[in-house]
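For reference, the structure is listed below as structure tokens.
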Amino acid sequence: MRAEHAWVIEALDALDHELAGHRAGGPGRSPFPVATVRPLAERLAREFAAHTSAEDDVLVPLLAGGLPDGPSYVRQLVAEHAELRAMLMAFLATLGLPASAKRDEQLAVQAQDFTALMRSQIRKEETLVFAIAEKQVAKGASAHRTPGRPVPREAPASRPRPSKGEPQ
Ligand SMILES: [Fe+2]
């Protein structure tokens, strides 16, 4: 999931770069780069939907049981994922509108809002959510071990087995 975040951050950087180029042109002088941004936004929408669905299915149960305020925290996390998906869908819908200065300004605002919220959500997940989830996984793994017994290791594969009649 951290690797997926790294890819999302790269995509956000690319989107911010396009947005900065558009804004640098000045109002009405530089059309929004729809041809470059649309495939990026479409891929983001696909990958982000799969990513958040995995997070909602895997992280939600871990967090819900691992924090005193887990259920409310989880509701907030899931709501943010839904909001980000909706923002991306709205952005894609605006990208499909006929070209105009009004559409371009709307695209610039939507892109800026989306990248800001997405970056903030990733920071929150990486600093808090993943750390808690990893602790929960570690706790679960240690709970499955018998106390006082070492962690079992696999027997060497080449160890010869005594044949019948041989002293053991
Ligand atoms: Fe995430």
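A few points about this structure:
- Unique residue being surrounded by 12 or more Cβ atoms within 10 Å (Cβ to Cβ), closer than 17 Å to V8 by Cβ and touching a residue at least 12 places away in the same chain (Cβ under 8 Å) when the list is F32, F91: F91
- When restricted to residues that are farther than 22 Å from K124 by Cα and part of a helix (DSSP H, G or I), the range 6-40 contains 15.
- Out of A50, A14, A6, A41, one residue alone is under 16 Å from T115 (Cα atoms) and exposed (fewer than 13 other Cβ atoms within 10 Å of the Cβ). It is A6.
- Qualifying residue in the range 42-63 (condition: over 17 Å from I9 (Cβ atoms), touching a Pro at 6+ places or on another chain (Cβ under 6 Å) and either more than 11 Å from the ligand (Cβ to nearest atom) or not in a helix (DSSP H, G or I) (or both)): no
- Number of the condition not met by P98 [criteria: (1) closer than 20 Å to E126 by Cβ; (2) modelled with pLDDT of 95 or more]: (1)
- In the range 108-138, the residues that are away from the ligand (no atom under 11 Å from the Cβ), closer than 19 Å to L62 by Cα and β-branched (V, I, T): T127, I132, V137
- Checking each residue in the range 33-51 for being in contact with a helix residue (DSSP H, G or I) (Cβ under 9 Å, 6 or more places away or on another chain) and not aliphatic (A, V, I, L, M) picks out P33, T36, R38, E42, R43, E47, F48, H51.
The values are calculated or read from the model by the stated rules, or taken from the named source; none is laboratory data. A quick note: this is a predicted structure, and the numbers were derived from the prediction, not measured. So basically every Cβ, Gly included, is an ideal-geometry build from the backbone, and we count neighbours across all protein chains shown.
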